[in-house]
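Contents: one structure, followed by commentary.
Bear in mind that the values in this text are calculations on the coordinates, not laboratory data. Model, not experiment: these values are computed from the prediction. In this analysis, Cβ positions are derived from the backbone assuming ideal geometry, glycine residues included, and neighbour counts consider all displayed protein chains.
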Amino acid sequence: MPNSFQRFQQNAYNRLSFTKKSPPKNTAATLAQEEKLLGDVEAQRKNCVQKEGVDYLNPGQDDQMEIYGYTRCWLRTILCWLSIALTAGLLRLVLHWMPKYFLIFTHKPCPLNEATKVLVVEEYQEKYKNYHVKRVKIISSVNEEAKDNEEEQRTDDSCLDDVQVLTEFNKDDEPKLSYHVGGGVFQDVDRLKMISVKKRHYIWQQGNKSFETLRGLDRDVLTVDLHQQTGLTKQQQIMRRRVYGGNEIIVPVRSIFALLFLEVLNPFYVFQFFSFVLWFLDEYVLYAMAILIMSMGGCAVTVFQTRKNQLNLHSTVNTRDMAIVRRQGGEDEKISTEELVPGDILVLPPHGCVLHCDAVLLNGTCIVNESMLTGESEPVPKTPLPSSPNLYYDSKEHARHTLFCGTRLLQTRFYAGEPVLAVVVRTGFFTSKGNLVRSMMYPPPVDFHFERDSYRFVMLLAAISFIGFLYTVVVKHYRGIGTVELVVDALDLITIVVPPALPAAMTVGRMYAQSRLKKENVFCISPRTINVAGSIDSICFDKTGTLTEEGLDLWGVLPTIDGAFATTIREFPLKSDSVSARIDDLTMAMASAHSLTLIDSRLSGDPLDLKMFESTGWILEEPAIDDSSKYDTMFPTVVQPPRPDLLMSAQHAEIEVDSILDCYEQFQIPQVGIFRQFPFSSSLQRMCVVVRALWENEFRVFCKGAPEAVISLCKPDSVPKDFHPILQSHTRQGLRVLAVAGKRLKVSAYHRIHRLSREDVEAELTLLGLLVMENRLKKDSARVICGLREANIKCIMVTGDNMLTALSVARDCGLVSSNERVAAVHVEEASEGQPHRVCYTDCDRVDVNTPSIEEINHASKWVLAVSGQTWQALKSIESPITVAQIASRGAVFARMSPEHKQQLVQELQALGYCVGMVGDGANDCGALKAAHAGISLSDAESSVASPFTSKEASVECVQRLLRESRAALVTSFGLFKYMAAYSLTQFVSVMLLYEFDSNLSDAQFLYIDLFLITLVAFFFGRLGSHPGPLAKRPPSSSLFSLAPVTSLISQLVLGTVAQILAVLLITSYSWYTPFNPENEEGSMACYENYAIFSVSAFQYLVLAAVFSRGSPYREPLWANKGMMVILILGTLLTVLLVLIPPLWLETFVEFRLPPEFPPRLFIVALATVQAVLSFVLEAVLMRIHFKERHPRHLDINKQLAQDPSWPPIKAEPLHRVPSETPETPNAKMSVVLHRNGEVALDPAKLVLHHTPKRVI
């Protein structure tokens, strides 16, 4: 029995007369992807500040870096290594930490053309500098450095085969290196000078006297030149690979030994090694072994985690396969994907593969899954690149014609038997996937106050220890102490002031937090980031899959009848009452206005189109030919109701089933053929199809898209009068609304259909109805967002979805509250001689009347909604004040690319926010890595870039993470203060005892360091997070802010006074005799020692309790049972030691007890009074709000709140606000942008207005 598609062909041929030939080329099909707001962005890229007489890599671009040339100086080299030998290698260790100075000490500056090494200086936000020391490689066709370039991260010897091939070629023709110079032209040279910085190659251009980025075929190439590429010979391919390197994205994986070696060379571990040696020489073995075990454990954990992260990233991004390339002679050859270079012609397989390079499609069509790049799972159709002698290829402008690395090719289509070809334009780290991996490997530096201040504080402690060191040397030398003892005692003082146990103690604290997070199904691959997350005050959320469920559901259909809305349809699939009844236009439009296709007999396409089509209950059939041959075919795709429905309806109508199958003409089965498709355009916000029903002699047009875009094409009398209120009511509920329109074409010839322009087809339409789609929120999204906002955490939605959907979801989840109003931001294109204008449009008003000033002022707060296109425009025209305002007040950022997301995170960081990013797709990787703390809700690529991964795909993990991170930060803060206070308290004790020519005995040091301090540090972090709501302020993250400094100094002063009072008390008794070390034969037992040790022992316990802060970030102290046991036992044992120690314990500790009991009680009483004062003092200080320096965003928000004219807005209904494109200038008030951030309201002036400068 012939299938329905064959029957459609038979009936269609009775009505259509045409010959089998290709239709005329459709000029409208090559419409631009997106309208540019500000012309060519590259031409208007902001000029980075450049210094006079300095050379640059990537000059004038965002990643501009300074570069300085150096050549070997043998005199400097000899002097440097001589100094290293004289310092027993210590200088080499310091130079290992600062490689920049190792270069300076062994090389001298020189011009770049003479350099053998270069120093590359990378600056971030004028605050941080990274230094890269790189060797200048000289590459020729067969030298070893060329092989090194190709195998820079490779571990195999596969390129040895290339050397063999080259040797064979050398018999007849000497090979040349080849690189792209522009215009599709490759230059052949004998040798090249090259450097590699952050996985990007730069070659020396003698003409420009500079290193320039190695280009693929993606820059300065006409589209016609790409079409003229004919493939490469084997020799040409090998020569290009010598320059471009292998087509691999390899993350280096260091061996366990290498990682361990690098970790041990960390300055903290080097200091610990120094301390171990000193302690062993001083026979202080037990404590040294305890710290050694803790340090080895921390080092092992760090090495294991680093190795695991490297392996995960390596296995995720490193893939290889086989590919077919077309050689110059026309023959095809199967090679490894690692051998691909720019200029290779790929023969794409018909049934899909994973792409390993960036390539431009030359013929045929492809269906590609780009979820790795965009996060959206729907397949994307790719069409051939247009060939024009006046059009330059641009990967962003021509994204619809570009196949990106890492994406999955699902299917190719072309004429039967003809291969689909693509030309390779970028390989390796130059590809889109390579750039994504580079952003993960080299993220911008994250400024975290606590970590930065901890290093500064250690340096401060080191300075104090150096003062103590000099004092000890002078005093001991004056008293005639031997040199060895003097040096050991002086160096021992350094280990007292700078506690070697500090890194181990901090590691233990983070391990507890990591363990608690694991119980909450939040896994952490970077423990140091736990503390960072405790300061988060701004969180960016992806939308799809993060705040909402994946995909859309059809909520309802609102058909229109005679210019009015009918009853909403909520039951699906849609059905007709009888087979002979005419299928209504809206159902036919829903069944045909899409870009769905069959891949391996399964429907594939946009999830929205799939839901819409499934709701009709119809089925889709394509020509009965191989999928890969469905290209430019004259046979249309057919949609029709399902056969079971037809049979049931036929039986209901008492019609013979046989007559249904045999008499299609008489019965008029509603088959619809899709003859032409105008694909969705982001700039037009719509798509349309041209179809023809089997029983009709004319064609129809169905258009589907954003309501504001579709109704602008409709006849006014077909649009219901209540269209805008109904649209607004649905979008406010978080629903996505699409409009559907159609008309009949007075054209019956098939060939004339393909000659019509899109403008002719999409005109004078009749509105058929609205489709209401629901992107359901996850059940806990609204509750979590509400909790975060109550804690004064700025919540931002940053999504690749369209603006209307993003706004409605933001309202629904509470990200934009009911008392907030939303202004959409757009940038108007500048006319000649005029500045650019930033326009603000009220998204919340339905009417088009201008609101009064009182109405605007009554709005509780304005927040902004920005599209990716507007963001790009603002960044390109350099308006720092406006960008800062938008970042500070922005709530919804829609249509944001991965690069835009990362830029937003960095802009927020520049404003002083501590930024968290929550996402679940590979397109979020850059932002996840750039944020202070990234949280992935997926185990895919995003989990590799993110320090935190939740096993539950729910934003509930954000609150859990913030609770535990805040508790961990407070723990680390308290532990650091405790370790600093402990070391300084012990320093005071030792310095006081040095005045009496005494010291603490080894047993006393052991009691304090091993029993009290080590056990307290071990249990200090076991307190869990506070179970209540998040506090409205994150804990302080700066050790040098007024509150912690005041707390620490006050406790130290109090402790010092107590120790001095204890000495004065003991020395006031008549039985007191001064200490004489010559009579004690090495014993430290004396009354001064007893007094100072006794008081200080209590102080260590008191400090632990005082600095173990509870509410509002942690549980109360008594909830930490281990800590309470240690404090109680320590107190009891210390009381025993001070009052009535057993004789053996008194002897072991080297005590000289006062002969009377009252002085002992006075010591305990003094310690008790000091403890009470310490608690009272800390409680008072905790209640004082010390004035701290405000971050920049607070100043901006305060200034905007005080400015009654901001935002300069004219109300406009939501349907007039385009989601991607700018509106006409007379529809809104506008702000004029001047260079350097000057802004001016037209005609009124803003408060922020400065003296006007040159207008862009």
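One chain, two ends: K1032 and N312. Fully extended at 0.36 nm per residue, the span grows by 255.5 nm beyond their Cα-Cα distance.
Distance between the C-alpha centres of segment 477-497 and segment 952-968: 49 Å, rounded to the whole angstrom.
Among the listed pairs K721/K746; K875/K929; K176/K382; K51/K977, give every one whose C-alpha distance is greater than 32 Å. In this structure, K176/K382; K51/K977 exceed 32 Å between Cα atoms. Here the spin labels are modelled as points 7 Å beyond Cα on the Cα-Cβ line, and at I78 and V54 they lie 3.5 nm apart. Over segment 252-317, Cα pairs under 8 Å with separation of 6+ residues give a relative contact order of 58 percent. What's the local net charge at N1120, with K and R +1, D and E -1, over the other residues with C-beta under 11 Å away? Around N1120, the charge tally is +2.
Computed on the Cα atoms alone, the convex hull of segment 941-1047 gives a volume of 163 cubic angstrom per residue.
A crude spin-label estimate for the pair T1147 and T230, with each label 7 Å from Cα along the Cβ direction, gives 10.2 nm.
Here the Karplus curve 6.51 cos²θ - 1.76 cosθ + 1.60, taken at θ = phi - 60°, turns the phi angles of segment 1158-1163 into couplings of x, x, 5, 5, 4, 4 Hz, with x standing for Gly and Pro. Segment R479..A300, full-extension length gain: 59.9 nm, with 0.36 nm per residue of separation and the alpha-carbon distance subtracted. Multiplying each eigenvalue of the alpha-carbon gyration tensor of segment 68-110 by 5 and taking the square root yields semi-axes of 19, 13, 4 Å, largest first, rounded to whole angstroms.
Taking Cα centroids, how far is segment 74-110 from segment 401-415 in Å? What the calculation gives is 53 Å, centre to centre. Given H placed 1.01 Å from N in the peptide plane, which residues other than close sequence neighbours of L1039 have an amide H under 5 Å from its amide H? Those qualifying (amide H under 5 Å, at least 5 residues apart or on another chain) are D453.
Between E333 and D584, the contour length at 0.36 nm per residue exceeds the alpha carbon distance by 85.0 nm.
Note on segment 301-385: percent of Cα-Cα distances in each 10 Å bin, starting at 0 and stopping at the bin with the largest distance, equals 14, 37, 29, 14, 6, 1.
Checking the cross-link pairs K519/K861; K198/K518; K108/K199 against a 31 Å limit on the alpha carbon distance flags K519/K861; K198/K518 as lying beyond it.
PRE reach from S1050 (point 7 Å along Cα→Cβ): which of segment 1169-1183 fall under 15 Å by backbone N? So the set is 1170-1183. Annotation for segment 721-794 versus segment 1075-1154: alpha-carbon center distance of 73 Å. Projected label points at V270 and D760, each 7 Å from Cα along the beta carbon direction, are separated by 7.8 nanometres.
Mean silhouette area of segment 252-317, derived from the convex hull of its C-alpha atoms and averaged over all directions, reads 4.5 nm².
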